[in-house]
Structure formats: structure tokens, C-alpha cells
Amino acid sequence: MIELNWTFFVQFANFVITLMVLNLVLYRPIRGIIKKRAEVMDQKLRSIEDFTAEAEIKLKNYRAALAEARTEAQGIRHSLKEEGMATESSVLSAAGTEAAEKIAAARKDIEHQKQAALKSLRGTVTTYAKEVAEKVLNRA
């Protein structure tokens, strides 16, 4: 059994003094360091969360701007394509008209040349016919 004499009280006082000294020298500074570290970690975590949120907003804005730019580019491409097709059809139409005019002019020229050749040949045919007839008759 435990005896309560003056040594117990001395040991108890020694224990309390040691506990107070350890609290002042060791426990309180360690708790302060741990508390500061927790505050720094919380601050860094908030900073990371803010940065992540800001990055997500910027990414969202970038994607929206990119989608808008693609839509605008597609509209420009479509309008330029339509403009090109209209220009192509007008150029082809003008070329077709010009070709038709040249063909008509060439046909007229050929017809004139044909008529001139026929007229020339008709005059010479009678001369050749007379010469052939004379040669045939002279031989016979």
C-alpha cells in the first residue's frame, strides 16, 4: 500500500515543477510551431484553390473565345466560298459568252470563205470542164 509521507509530496512537487518547466520550454513552443505550420499550410491551400479557380475561369474564357473564333472563321470561310462561287460562275458565264461569240464569228468567217471558194471554184469548174471536154473531143 502507498504511504503518504513527506517524500510523496516532494515527488509530487517535483513532478509538477518538471511538468511546468517542460510546458514552458518544450510543449508550448512546439504547439506554437505546429499552429504556425497549420496556418501556413491553410494559407497555401487557399492560395492553391484560388489559383486553380482562376485557372479554370481563364481556361473557360479561352475555350469560349476559341469557340467564338472558330464560329467566326467558319462564317468568313463560308462567305468567301460563296463569293468565290459567284465569281467563278460570272467568269465562266463571261467565258462562255465570249467563246460563243468567237465560235459564231468563226462560223461566219468560214461561211464567207466557203462561199468565196465555191464562187471561185464555179468559175474555174466551167473552164476546166471546157478544157476536159475539148481534150476528150480532140482525142476521139
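The values are calculated or read from the model by the stated rules, or taken from the named source; none is laboratory data. Everything numeric in this text was worked out from a predicted model, so none of it was measured. Backbone-built Cβ (ideal geometry, glycine too); neighbour counts: all protein chains shown. Ligands, DNA and RNA are excluded from the accessible area calculation, which covers all protein heavy atoms including side chains. Shrake-Rupley method; radii C 1.70, N 1.55, O 1.52, S 1.80 Å.
The table that follows gives values for the structure above.
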item	result
Rounded to 10°, Cα long-axis angle of helix 6-22 versus longest principal axis of the chain	30
Cα-centred dipole magnitude for the chain, charges only on beta-carbon of K, R (+1) and D, E (-1), debye, nearest 20	620
For the chain, alpha-carbon Rg and Dmax in angstrom	57.5, 185
Chain lengthening between Phe12 and Asp50 when straightened (0.36 nm per residue, less Cα-Cα)	8.4 nm
Mean ellipticity per residue at 222 nm, deg cm²/dmol - from DSSP H runs of n ≥ 4 across the chain, formula -39500 (n - 2.57)	-35000 deg cm²/dmol
Alpha-carbon centroids, the stretch 77-140 and the stretch 18-59: separation in whole Å	100
Given charges at Cβ of Lys, Arg, Asp, Glu: the chain dipole, positive-most of Thr18, Thr7, Ala129	Ala129
Gaussian network model of the chain, springs between alpha carbon atoms under 10 Å - residue of Gln74, Gln11, Gln113 with greatest fluctuation	Gln11
Close Lys-Lys pairs in the chain, where close means Cα under 27 Å and separation is 8 or more or interchain	10
Probe 1.4 Å, accessible area per residue of the stretch 101-140, Å²	98
